[in-house]
Amino acid sequence: MTLGPLIGALGLVLMLRIGPDASYVTDVLPAVTVFGLGLSTMVAPLTTAVLSAAPSSQAGLASGINNAIARTGQLLAVAALPALVGITGSGYADPAIVNDGFRGAMLICAGLLVAGAITAAVLVRRGSVTHAIPVERQRRCGVDSPASYPE
């Protein structure tokens, strides 16, 4: 659970190389690729943990809450990051201000990802999730079929 945020943070640090004279192939593509790899190794286990922690009868509710929290975090980031890095309404017209703001935003986000990885390493225990129906009580319909849950 800690590897994904660290890979994502590395991708954001690589984005610090992006500037006015950046090359897409050597500066942008590697950074975006590493960041995307970090997201893909972070979001899927996180969603699995959230849905596994809820009883199967409330999986839809757990999924909805997970999505609502994710969207709220995205909205807060879009609203707060420009102000935190000093980009104002008129600052968007100045490339130097946007470039400095971009660099500051990448550092803030990388720091938050590292903090999230540390938090996960300290607080998330492996095997601490209990399933709604214990494996020994699950019925199987056939050799290769998934478990069917008792009603």
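For SER57 paired with ILE118, estimate the spin-label separation in nm (one decimal), with each label point 7 Å from Cα along the Cα-to-Cβ line.
A separation of 4.2 nm, rounded to one decimal place.
Once the cut-off is 17 Å, how many percent of the Cα-Cα pairs in the stretch 1-129 end up in the long-distance tail? Numbers along the way, then the final one.
On the way: 5477 of 8256 pairs.
Counting every Cα pair in the stretch 1-129, those more than 17 Å apart make up 66 percent.
Estimate the FRET efficiency between THR47 and ALA22 by the formula 1/(1 + (r/R0)^6), using the beta-carbon distance for r and 30 Å for R0, to the nearest 0.05. Each step should come with its number before you reach the end.
Numbers: r = 33 Å, r/R0 = 1.09.
With a Förster radius of 30 Å, E is 0.35.
Take the stretch 60-116, drop everything but the C-alpha atoms, weight them equally and run the Debye formula without solvent; then report log10 I(q)/I(0) at 0.16, 0.24, 0.27, 0.30 Å⁻¹ to two decimals.
For the requested q values the scattering log ratios are -0.59, -0.93, -1.04, -1.14.
Every number in this text was worked out from the coordinates using simple rules, so none of it is lab data. As the structure is a computational prediction, the values presented were derived from the model and not from experiment. A quick note on method: Cβ atoms are made from the backbone with ideal geometry, for glycine too, and the neighbour counts reach across all protein chains shown.
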